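*Asks:* Below you'll find the structure I mean.
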Amino acid sequence: MTPLGQAAGIEAEAVVPEQVPAYVSAVAGSRPRMIAACVGYERAGHLVLVGYPVHDPLDGSALAAAVDEALKLPGLARITVIGPARPAQAPQASATVQDHYLSLPIPAPLPSQKLRSLLRRAGRELTVERGRACTAEHMSLVQRYIEEHELAPGTRHIFQQLPRYLEASAGSLTVSARRTDRRLAAFAVGEFASRDTALFMFCFRDPELAPSGSTDLLLSALLDEARTRGQTRMNLGLAVNAGIGFFKRKWGAEPFLPYVEVSWDLSPLPLLTRLLRLPGLPQ
């Protein structure tokens, strides 16, 4: 297990958001470290292992080796592994969450006629600006989304840490869609630290100010940014639900990587119990 400093630079190989230490550390307050060919994040006895090996995100043997190494960490009380498959080390009773990342090649496929019409309409009503700021105006859209949707506590926390993430990551970019009166209708965040893979991170809109096609217009701007930077793929994130999956697939997005998340507790036996189990002692 390599020290914290040696995890620096892993974002250049990132294919999923969790491989960007500036993002995860900012929203979770955890410390990154390399564990075999994978990056992990430690906080208060809990390790999150991002089981997509940097040389090949589908290398199952490298994933297994990283889990084995992670389980040797002193003081580890709980481990969460995300990766392309459930690790063999996970207890059978451990609950598993499954999804998949969707991606687009860059340049992206030509949008459908309907999508082009949406983009034209949104483009007539909105102006797109690029920057790294996350102002109170941006956060008011975030807060509105949080209040109007049923979200897991962890998701709410991530959204609320958005200013910290944007400040921490030099590869982040905000694209904001404004009406002619300068009111903010929608904004999206992309991450461009990776050499080959751009990451579509977040998107929020004001349902009263944003015309149809606003989110599409912002995604188009992020795709243009990725093309300008020479990246060859955009990871659009997880399918999550039918609505989000539909939005991504209408752009031609296809499954990119499986996402399997599993957690389990590591409860070391009390010292006396372990001593009583030593060979030669009465059981």
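Just so you know, all these numbers are worked out from the coordinates, no wet-lab data involved. Here the structure is a predicted model, which is why all the values come from computation and not from measurement. Cβ placement follows ideal geometry from the backbone for every residue including glycine, while neighbour counts extend to all protein chains displayed.
*Asks:* If you average 1/r over every pair of different alpha-carbon atoms in the chain and take one over that average, what Kirkwood value in Å do you get?
*Replies:* This gives a value of 20.4 Å.
*Asks:* Where a Cα-Cα gap under 14 Å defines reach, which aspartates and glutamates qualify for Lys114, not counting those fewer than 8 residues away within the same chain?
*Replies:* Those aspartates and glutamates meeting the cut-off are Asp216.
*Asks:* Among Gln161, Pro109, Pro207, whose Cα projects farthest towards the positive end of the dipole of the range 107-231, with charges put on the beta-carbon of Lys, Arg (+1) and Asp, Glu (-1)?
*Replies:* Ranked along the dipole, the leading option is Pro109.
*Asks:* Of the DSSP beta bridges with both residues in the chain, give the percent that are antiparallel, rounding to the nearest 5.
*Replies:* Antiparallel bridges: around 85 percent, rounded to the nearest 5.
*Asks:* If one takes the longest principal axis of the Cα atoms in the chain, at what angle in degrees, from 0 to 90 and to the nearest 10, does the Cα axis of helix 60-70 lie?
*Replies:* For helix 60-70, the angle is close to 60 degrees.
*Asks:* Provide the gained length on full extension for the span Glu167 to Leu115, in nm with one decimal, where the gain is 0.36 nm per separating residue minus the Cα-Cα distance.
*Replies:* Computed gain between Glu167 and Leu115 is 15.4 nm.
*Asks:* Within the range 92-170, which GluC sites (Glu not before Pro) sit in a loop by DSSP and count at most 13 neighbouring Cβ atoms inside 10 Å?
*Replies:* Here the GluC sites (Glu not before Pro) that fit, given the DSSP loop and packing criteria, are Glu150.
*Asks:* Can I ask one more? If every alpha-carbon in the range 107-231 counts as one equal scatterer, what log10 I(q)/I(0) does Debye give at q = 0.16, 0.20 1/Å?
*Replies:* With one equal scatterer per Cα and no solvent, log10 I(q)/I(0) is -0.81, -1.20.
*Asks:* Please give the charge dipole size of the chain, origin at the Cα centre, charges +1 on K and R Cβ atoms and -1 on D and E Cβ atoms. Round to the nearest 20 debye.
*Replies:* 420 debye
*Asks:* If you don't mind, there's one more thing I want to ask. Under 16 Å Cα to Cα from Lys72, which aspartates and glutamates show up? Leave out anything in the same chain fewer than 8 places away.
*Replies:* Straight-distance partners of Lys72: Glu42, Asp265.
*Asks:* Using the count of nearby Cβ atoms within 10 Å as a rough guide to exposure, how do Thr228, Thr215 rank from fewest to most?
*Replies:* Thr228, Thr215
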